Amino acid sequence: MSLNIYGQSLKSRLLIGTALYPSPQIMKQAILASESQVVTLSLKRQNPADKSGAQIWQYIQEIVEQCQGYLLPNTAGCKTAKEAVTLAQMSREIFNTDWIKLEVIGDDYNLQPDPIELLNATEQLIKAGFKVLPYCTDDLVLCQRLYDLGCQVIMPWASPIGTGKGLMNPYNLETIRLRLPDATLILDAGIGKPSDACIAMEMGYDGVLLNSAVALADNPVIMAKAFAAALTAGEQGYVAGIMQQRQTAHPSTPTLDTPFWHQS
Amino acid sequence: MNIYINGQNQTINAEQTTLAAALSLFLNDRQIKSSFAVAVNGDFIGKDNYHNTALQANDSIDVLFPIVGG
């Protein structure tokens, strides 16, 4: 089974970020170990004396080439639709892609997306020919509105960016899956451990986007492999059909002709 | 006249008032050759328009480069 992002078929269901790794070398090893084919990155001002930015960009290009993958630029740091639209246009020129991970932050404390600005930016970007992957909260109506605007991919959060708290509200996430059966749903932000990703996939999510959970692990390369395995396990569990929970115990060993007891 | 490039106040003379001229003045050789994109006063300016974009006093130019991100 493959992940479909705006008509592009991808073998891996993991999308991965490039920030916070102990070194560029470990970043490269970890991303390649994750088997991800979608790598997120951003844009920022650069001091003329700072050479690290150019070096990192070189590494990211090498990674994308080796994994035959795709760049997914984000609009991190934007707080208004206008800022996000401008940054998306700048990203499209540099990275030569219509894909944009749309982030419009409404609150600095928990980096929660601003739903009003997000919808506004989405509308403008879709009109301008972008393929928008919006980072949003786990609000069903917001996700529905984004889908109605033309987002084929919706990316609700598991929990606030960088917290590693996992799925704060599984009910909301399950409801979004149930109500938007044709949307490509990618759980984005707040993933802390491989089992979080596995749970999302067991719910029927199409993929997971994460960064800190791998980059901040004691061993990012092993953690990247763990996430790859967790996504596969969760996806196969969903495809196989998970049994219904039952209220009472049912013996799994046949009780007919049980030896020794019940013989008064 | 004064302009701002990435938040830094810079002075340009009357012959340097296109965006292309300002970029060549304030970006180093390595930056000029690398991947970057530009916005003036919050509006994106495509590469094809650097030469025909005239700057005004106190214009704010953002020059952005690729960086890691999540």
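Let me confirm one metric for peptide B:30-38, namely the mean number of other chain beta-carbon atoms within 10 Å of its residues' beta-carbons.
On the way: counts 4, 7, 0, 1, 6, 9, 7, 10, 2.
If you average over the peptide's residues, the count of other-chain Cβ atoms is 5.
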³J(HN,Hα) computed for each position of segment A:92-105 - Karplus, 6.51 cos²θ - 1.76 cosθ + 1.60, integer Hz, glycine/proline x: 4, 5, 6, 9, 6, 9, 8, 6, 9, 7, 8, 10, 10, 8
Residue among A:Leu185, A:Leu231, A:Leu142 with the largest mean-square fluctuation in a Gaussian network model of chain A, springs linking Cα atoms under 10 Å: A:Leu142
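Assigning unit charges at the beta carbon (Lys, Arg +1; Asp, Glu -1) and nothing else, what dipole magnitude in debye, to the nearest 20, does chain B show about its Cα centre?
The calculated dipole for chain B is roughly 200 debye.
Could you run the numbers on buried accessible area between B and A, total for both chains, 1.4 angstrom probe, in Å² to the nearest 100?
Values: alone 4650 and 14240 Å², together 16540 Å².
The summed interface area works out to 2400 Å².
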C-alpha center-to-center spacing [segment A:232-264, segment A:118-146] in angstrom: 44
Acute angle (nearest 10 degrees) that the helix A:24-34 long axis makes with the longest principal axis of chain A, alpha-carbon atoms: 40
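How crowded by other chains is A:86-93, given as the mean number of beta carbons from other chains within 10 Å of each beta carbon?
Mean shielding by partner chains, rounded to a whole number: 6.
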Choice from A:Ala121, A:Ala30, A:Ala54 with maximal GNM fluctuation in chain A (Cα, 10 Å cutoff): A:Ala54
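If you take every DSSP beta bridge fully contained in the protein assembly as shown, what fraction is antiparallel? Give it as a percent rounded to 5. Show your work: numbers first, answer last.
On the way: 22 of 46 bridges.
Rounded to the nearest five, the antiparallel share is 50 percent.
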Where only alpha carbons of segment A:46-145 are counted, the Rg and the Dmax (Å): 14.9, 47
Karplus (6.51, -1.76, 1.60) ³J(HN,Hα), θ = phi - 60°, over segment A:224-238, in Hz, Gly and Pro reported as x: 4, 5, 4, 5, 4, 5, 5, 5, 4, 4, x, 5, 5, x, 5
With 10 Å bins from 0: P(r) over the protein assembly as shown, alpha-carbon pairs, percent: 5, 24, 30, 20, 10, 5, 2, 1, 1, 0, 0
Evaluated at q = 0.20, 0.22, 0.26 Å⁻¹: base-10 log I(q)/I(0), Debye formula over Cα of chain B: -0.79, -0.96, -1.33
Built amide H within the under 5 Å cut-off of A:Gln112, gap 5+: A:Gly106, A:Asp107
Sequence-distant lysines (8 or more away, or on other chains) whose Cα lies within less than 22 Å of A:Lys193: A:Lys11, A:Lys28, A:Lys165, A:Lys225
Rounded Å value of the spacing that divides the Cα centres of segment A:176-211 and segment B:1-21: 47
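Answer rounded, prolate or oblate for segment A:100-182, using the Cα gyration tensor with square roots of eigenvalues a ≥ b ≥ c: rounded when a/c is under 1.5, else prolate when a/b is larger than b/c, else oblate. Write out the running numbers ahead of the final one.
Values: a/c = 2.11, a/b = 1.24, b/c = 1.71.
Here segment A:100-182 falls in the oblate category.
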Calculated [θ] (222 nm, deg cm²/dmol) that DSSP helices of n ≥ 4 give over chain A, each run adding -39,500 (n - 2.57): -12500 deg cm²/dmol
Segment A:239-251 - phi-based ³J(HN,Hα) in whole Hz, Karplus 6.51/-1.76/1.60, Gly and Pro as x: 5, 5, x, 7, 4, 6, 5, 10, 6, 10, 6, 10, x
Furthest towards positive pole of dipole, A:Gln46, A:Ala81, A:Gln25, structure part segment A:1-99, Cβ charges: A:Ala81
Within the accessible area of chain B (1.4 Å probe), percent carbon and sulfur: 48
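Ignore the peptide's own chain and count Cβ atoms of other chains within 10 Å of each Cβ in B:46-56; give me the average, rounded. Display every interim value, and only then the final one.
Working: counts 4, 2, 1, 0, 0, 0, 0, 0, 0, 0, 0.
Mean partner-chain Cβ count within 10 Å for B:46-56: 1.
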Debye equation applied to the C-alpha atoms of segment A:55-95, log10 I(q)/I(0) at 0.20, 0.29 Å⁻¹: -0.68, -0.96
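In segment A:65-208, what percentage of the DSSP-assigned beta bridges are antiparallel, given to the nearest 5? Mind dumping the intermediate values first?
Numbers: 2 of 14 bridges.
Rounded to the nearest five, the antiparallel share is 15 percent.
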Debye, to nearest 20: dipole size of segment A:117-194, +1 on Lys, Arg Cβ, -1 on Asp, Glu Cβ: 160
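Can you list which of the chymotrypsin sites (Phe, Trp or Tyr not before Pro) found in segment A:180-264 are DSSP loop residues with at most 12 other C-beta atoms within 10 Å? Don't skip to the answer; put the middle values down first.
Working: sites: A:Tyr205, A:Phe227, A:Tyr238, A:Phe260, A:Trp261; in loops: A:Tyr205, A:Phe260, A:Trp261.
When the chymotrypsin sites (Phe, Trp or Tyr not before Pro) of segment A:180-264 are filtered for loop state and at most 12 Cβ neighbours within 10 Å, A:Phe260, A:Trp261 remain.
The values are calculated or read from the model by the stated rules, or taken from the named source; none is laboratory data. Keep in mind it's a predicted model, so treat the numbers as computed, not measured. No Cβ is skipped: glycine too gets one built from the backbone with ideal geometry, and neighbour counts run over all protein chains shown. Only protein heavy atoms, including side chains, enter the accessible area calculation; ligands, DNA and RNA are left aside. Shrake-Rupley method; radii C 1.70, N 1.55, O 1.52, S 1.80 Å.
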